[in-house]
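Notes follow once the structure below has been shown.
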Amino acid sequence: MIPRAEKRAIDERGEARYASVSSTGVLEFRGRKHVVRLVNVSPSGAMVIFPHTPNIGERLPLQILDRGVVSAQVRWVRDGRIGLSFAARAE
């Protein structure tokens, strides 16, 4: 986890997040598949609830019902949630 000294005062996201068609996805982590809850999804990434702690930068395939399998990279880990960026922008 990357520590943050202060809470964010503003939303610095470059694009909107939206709900996926399904509220769950399948994340492959170190050879095993896990059903995860999708918190939000954008064209370039997703936030999921995941009880394990992957390494920052680790690549994980994520299957989302309305998008299929996308290659994702871990950007942050915090409080049972992980932030993923997609290798290719999903539209």
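If we count every other residue with Cβ under 12 angstrom of Ile56's Cβ, Lys/Arg +1 and Asp/Glu -1, where does the sum land? Present the calculation step by step, with values, prior to reporting the outcome.
Numbers: positive: Arg59, Arg75, Arg78; negative: Glu58.
Neighbourhood net charge equals +2.
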>> Per residue, how much accessible surface does segment 29-91 expose to a 1.4 Å probe? Answer in Å², no decimals.
In response: 56 Å²
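The values are calculated or read from the model by the stated rules, or taken from the named source; none is laboratory data. Just so you know, these numbers come straight off a predicted model, no measurement behind them. In this analysis, Cβ positions are derived from the backbone assuming ideal geometry, glycine residues included, and neighbour counts consider all displayed protein chains. Quick note on the areas: whole protein, heavy atoms, side chains included, nothing else; ligands and nucleic acids left out. Shrake-Rupley method; radii C 1.70, N 1.55, O 1.52, S 1.80 Å.
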